[in-house]
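**Q** Got a structure for you, questions after.
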Amino acid sequence: MFDANHDGVIDFNEYLLAVAATSQGDLDDRLEVAFDICDTSDDGQIDRKELAVMISAAYDLRGETDRKGDNDPKKRAAEIISRIDVGGDKKLNKYEFIAGCKNDPVLRRLLAPNT
């Protein structure tokens, strides 16, 4: 269920995303953890590829199997970044990510379902 890349193993990032998404606690703290997990390049920003991986993991977490059309993780990641990227650099910094998640009910439900 938490195996985002379907390799038969739950790796550390998949485990952390599952814990962050399902844990109770302050929404900002949970979204900050989700950002840090998603920022695999460790550059303080999330690009489209990193966000698509997170969306795929979130779909797995929720049991979402429809990943075609608007639900395609790459397409959804591009749409999300274009909508909430305040800086216009086609990446999300931590502030943009947290503010975007909090202000978008669909994104918040996807990445922090217990809020």
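**Q** How about region 93-106: which of its residues are part of a helix (DSSP H, G or I) and either surrounded by 19 or more Cβ atoms within 10 Å (Cβ to Cβ) or of a type outside the set (A, V, I, L, M, F, W, C) (or both)?
**A** Result: Lys94, Tyr95, Glu96, Phe97, Ile98, Gly100, Cys101, Lys102, Asn103, Pro105.
**Q** With the requirement that a residue be closer than 14 Å to Ile81 by Cβ and aliphatic (A, V, I, L, M), what does region 28-50 give you?
**A** Once the filter is applied, which keeps residues that are closer than 14 Å to Ile81 by Cβ and aliphatic (A, V, I, L, M), region 28-50 yields only Ile46.
**Q** Out of curiosity, is Lys90 in a helix (DSSP H, G or I), at pLDDT 80 or above and either out of contact with any Asp or Glu (no Cβ under 7 Å at 6 or more places or on another chain) or not polar (S, T, N, Q) (or both)?
**A** no
**Q** Please enumerate the residues belonging to region 29-81 that are at pLDDT 90 or above, among the hydrophobic types (A, V, I, L, M, F, W, C) and over 17 Å from Arg109 (Cα atoms).
**A** Correct list: Ile46, Ala78.
**Q** Let me ask another. Kindly evaluate Asp70 against the criterion of being outside any loop (DSSP other than H, G, I, E, B) and exposed (fewer than 15 other Cβ atoms within 10 Å of the Cβ).
**A** yes
**Q** Check Ile80, Ile55 and return the single one that is surrounded by 13 or more Cβ atoms within 10 Å (Cβ to Cβ), touching a strand residue (DSSP E or B) at 6+ places or on another chain (Cβ under 9 Å) and either touching a residue at least 24 places away in the same chain (Cβ under 8 Å) or not in a helix (DSSP H, G or I) (or both).
**A** That would be Ile80, the only listed residue that is surrounded by 13 or more Cβ atoms within 10 Å (Cβ to Cβ), touching a strand residue (DSSP E or B) at 6+ places or on another chain (Cβ under 9 Å) and either touching a residue at least 24 places away in the same chain (Cβ under 8 Å) or not in a helix (DSSP H, G or I) (or both).
**Q** Turning to a different aspect of this structure: Could you list all residues from region 5-28 that are part of a helix (DSSP H, G or I), modelled with pLDDT of 65 or more and within 14 Å of Ile98 (Cβ to Cβ)?
**A** Leu27, Asp28
**Q** Is it the case that some residue within region 39-47 is surrounded by 13 or more Cβ atoms within 10 Å (Cβ to Cβ), part of a helix (DSSP H, G or I) and of a type outside the set (Ser, Thr, Tyr)?
**A** no
The values are calculated or read from the model by the stated rules, or taken from the named source; none is laboratory data. This structure is a prediction, so every number in the text was calculated from the model and none was measured. Every residue, glycine among them, receives a Cβ derived from its backbone with ideal geometry; neighbour counts consider all protein chains shown.
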